[in-house]
Amino acid sequence: MSHTRPKLLTIGISHFCEKARWALDWHGVDHDEASWPPGVHAIMARRYGAKSTALPILVIDQSDLIQGSGAIIDWADQNAEDVARRLTVANALEIERRADAVIGIHIRRLSYAKMLSRSAHLAKPALFHKASPSHRLVATMMWPVTRRLMIKAMDLGPGAAAQSHSILEAEFDWLDGILADGRPYLAGEHFSRADIAVASFLAPIVQPKEMPAFHNMALPQSLLSDFQRWRGRPVMRWTATQYRQHRAPRKKMARA
């Protein structure tokens, strides 16, 4: 790996950011992390020279940014000291892309559909998790506008929660079907980026002890009921196992 210490730019509670964070830790990439609340993240991403405001972003140096969890895994794999630990194996990309496009998106949409409209006060503590005091102050001032923009961007109108719930049920059936033969990993005999993607996206539901950011989230009862009901599924038990067996310790936070 490069001798430059990279910085991972995140919204701390984001499961897409957890996916990138896990991959870096898996490969032993010594890095710092700066976590921003929504709204502030858009300002700061532009200051770093990112082409868009989407997180995660990995800052390699002042002129080298890698944006997106999949691209960050690509970089970590390409620079891995131990090639045997590379995460890109046969069939892993196909599963990861489906997880990105469907599971990750709709867990986020379901959660915010049930929180931002009537329980926005419950969303703020998780979204502002580990933000600096100055960023927390700015984000609080921006929150009314940020909340409206999030509702619009994620299409959180009437019926959004029910639609995403139905889509997720079908995806969990698909994953349970893959695991029905007793395999330990989704894409074959080795732990891969497919496992990291799916386990990261399901972590808000499973709340594994290795991901403490999810432990103290206050959830509206309807969302909590969904999560509790889903925790009995095979893929949720599998997720807890992946965290227990393969999740390296979290890296320390950095000043933004």
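Table for the structure above
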read-out	value
Note, ³J(HN,Hα) from phi for region 137-142, Karplus 6.51, -1.76, 1.60, rounded to Hz, x at Gly and Pro	5, 4, 5, 5, 5, 7
Nearest-0.05 FRET efficiency for A84 and R237, computed from C-beta distance (R0 25 Å)	0.40
Overall dimensions of region 163-222 as given by Cα atoms, namely Rg and Dmax in Å	13.5, 39
Derived scalar couplings ³J(HN,Hα) [region 102-109; Karplus, 6.51 cos²θ - 1.76 cosθ + 1.60; whole Hz; x for Gly, Pro]	10, 5, x, 5, 7, 5, 5, 5
Segment K152-R183, length gained on full extension (0.36 nm per residue, minus Cα span)	7.2 nm
The chain: Lys pairs at Cα distance under 18 angstrom, eight or more positions apart or on different chains	17
Sum of -39500 (n - 2.57) over DSSP H runs of 4+, divided by residues of the chain (222 nm, nearest 500)	-16500 deg cm²/dmol
Pairwise label distance in nanometres, A71 with D32, each label 7 Å out on the Cα-Cβ vector	2.2 nm
Region 54-150: relative contact order as a whole-number percent, Cα under 8 Å and 6+ apart	11 percent
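Rule-based calculations on the coordinates, nothing more; no lab input. None of these values were measured; they are calculated from a predicted model. Note that we place each Cβ from the backbone using ideal geometry, even for glycine, and neighbour counts take in every protein chain shown.
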